Amino acid sequence: MKSVTFADGTAVPVLGQGTWQMGRRWFRRRREVAALRTGIELGMTCIDTAESYDEGGAERIVGEAIAGRRDRVFIVTKVSADRATRALIPEACAASLRRLRTDVIDLYLVHWRGEVPLEETVVAFEKLRAEGKIRFWGTSNFDVADMEELGPGHCAANQVLYHPEARGIEHDLLPWSQERGLPTMAYSPIGQAGRLLRHKTLLHIARRHGATAAQVALAWGLRQPGLISIPKAGRPRHVRANHAALALELTPEDLREIDVALPPPNGKQKLVIW
Ligand code: NAP
């Protein structure tokens with residue numbers, strides 16, 4: 001699988017796995033763990049979660065799924081913005097590490113831009129890095145102005161909404177990040193809760209390729225350099241289908257059709273958050 005290279009040379013595969021809504025229902029637990037493990041076997045080793053997903057329930061599922069496989073995965077989790085303070089981050093990180101059953105988080109993100117001064121969050125992140133509790137830190141739901149305020153430094157990645165119906169970042173944030181070699185993690189790449197699964201244009205293109213609309217949406221996002229896509233699939237068969245999207249090559253005609261039905265931004269758009 002192609003990968004995106006982080007500042008220190010770490011290669012992260014372009015197709016990962018999301019976990020929002022996992023850990024919510026006890027009777028789905030085994031299937032969710034099996035789905036994540038299926039993805040790991042297929043090389044979808046970047047696993048995204050957050051302390052806020054089902055109050056730690058999703059992190060617990062990840063912890064169970066990666067048992068015995070820790071060295072093969074790249075774990076991304078998030079601290080909620082209101083807890084991204086010098087006083088609260090150490091405990092938030094410790095709790096995530098316990099739930100994930102690991103002693104290091106690969107990438108620790110601040111979940112959205114909140115009220116806490118950025119310098120304070122950065123100092124707290126750097127302390128965790130120095131202590132070996134996280135390998136990289138980064139941001140989520142930060143727009144260009146937030147990234148510029150953050151300034152040059154050790155931010156390793158920014159995670160934002162990006163799918164064919166949510167293209168606002170193509171105007172500024174995505175090129176800004178690409179020019180600086182800052183990896184972008186695209187969340188809700190199939191439109192969240194399956195919204196794009198029945199999209200007429202995507203279905204039309206999918207039929208030409210013997211594929212599904214979900215696969216077209218994934219392949220469309222993955223055409224962007226420096227981008228890691230993190231679809232959530234709670235069923236092994238969906239994970240396998242998502243993996244197959246890596247082999248789907250959209251033609252210029254496909255891309256033109258998407259541009260007509262779901263046009264790129266023609267100016268600045270406010271960053272949309274989930
Ligand atoms: P998504 O990945 O766009 O869509 C997930 C939905 O699509 C689920 O209902 C899933 O069903 C279904 N699905 C997945 N693969 C499928 C396939 N091949 N065929 C048919 N249906 C399929 O939405 P998302 O969960 O919002 O986003 C992905 C991840 O991004 C999240 O899980 C989370 O880790 C992250 N995220 C981050 C933020 C942030 O603020 N940083 C916000 C939102 C999301 P099943 O579960 O039944 O397979």
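The values are calculated or read from the model by the stated rules, or taken from the named source; none is laboratory data. Values in this document were obtained by computation on a predicted structure and should not be read as measured data. Glycine gets a Cβ as well: all are built from the backbone with ideal geometry, and neighbour counts include every protein chain shown. Each accessible area value is taken on the protein alone, full model and side chains, heavy atoms only, with ligands, DNA and RNA left out. Shrake-Rupley method; radii C 1.70, N 1.55, O 1.52, S 1.80 Å.
Data for the structure
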quantity: Proximal lysines to Lys127, defined as alpha-carbon separation beneath 30 angstrom and excluding residues fewer than eight positions away on the same chain; calculated: Lys78
quantity: Debye, to nearest 20: dipole size of the chain, +1 on Lys, Arg Cβ, -1 on Asp, Glu Cβ; calculated: 1480
quantity: The stretch 212-274-the stretch 172-196 distance, computed between alpha-carbon centres (Å); calculated: 10
quantity: For the stretch 52-69 and the stretch 11-41, distance of Cα centres in Å; calculated: 9
quantity: Helical contribution to [θ] at 222 nm, DSSP H n ≥ 4, -39,500 (n - 2.57), averaged over the chain, rounded to 500; calculated: -10500 deg cm²/dmol
quantity: Accessible heavy-atom area order of Cys93, Cys155, highest first, probe of 1.4 Å; calculated: Cys155, Cys93
quantity: Reachable aspartates and glutamates, given that their alpha-carbon falls under 17 Å from the alpha-carbon of Lys2 and they are not under 8 places away in the same chain; calculated: Glu41, Glu249
quantity: Per residue, in Å², the accessible surface of the chain once ligands and nucleic acids are set aside, probe 1.4 Å; calculated: 46
quantity: Förster radius 35 Å - calculated FRET efficiency between Leu197 and His154 (Cβ-Cβ, nearest 0.05); calculated: 0.40
quantity: Carbon + sulfur, % of accessible area of the stretch 100-193 - ligands and nucleic acids excluded, 1.4 Å; calculated: 51
quantity: Positive-end residue, the chain charge dipole about Cα centroid, Cβ charges, pick of Thr251, Val104, Val239; calculated: Val239
quantity: DSSP-defined beta bridges in the chain - what % are antiparallel, rounded to 5; calculated: 15
quantity: Cβ crowding within 10 Å averaged over residues, with 253-260, 177-184, 138-145, 212-219 ranked highest first; calculated: 212-219, 138-145, 177-184, 253-260
quantity: Low-density loop cleavage sites - GluC sites (Glu not before Pro) in the stretch 26-79, where at most 15 other Cβ are within 10 Å (DSSP); calculated: none
quantity: Positive-pole candidate from Gly267, Ala217, Ala65, dipole of the chain, charges at beta carbon; calculated: Ala65
quantity: Estimated dipole of the stretch 80-217 in Debye, rounded to 20 [Cβ of Lys and Arg +1, of Asp and Glu -1, Cα centre]; calculated: 940
quantity: DSSP bridge orientation in the stretch 77-188 - percent antiparallel, rounded to nearest 5; calculated: 5
quantity: ³J(HN,Hα) computed for each position of the stretch 45-53 - Karplus, 6.51 cos²θ - 1.76 cosθ + 1.60, integer Hz, glycine/proline x; calculated: 8, 8, 10, 9, 8, 6, 4, 7, 5
quantity: Positive-end residue, the stretch 94-214 charge dipole about Cα centroid, Cβ charges, pick of Thr121, Ile134, Met185; calculated: Met185
quantity: Two-site label geometry, Glu126 and Asp82: point separation in nm, points 7 Å out along Cα→Cβ; calculated: 2.8
quantity: The stretch 42-113, dipole about Cα centre (Lys/Arg Cβ +1, Asp/Glu Cβ -1), debye to the nearest 20; calculated: 120
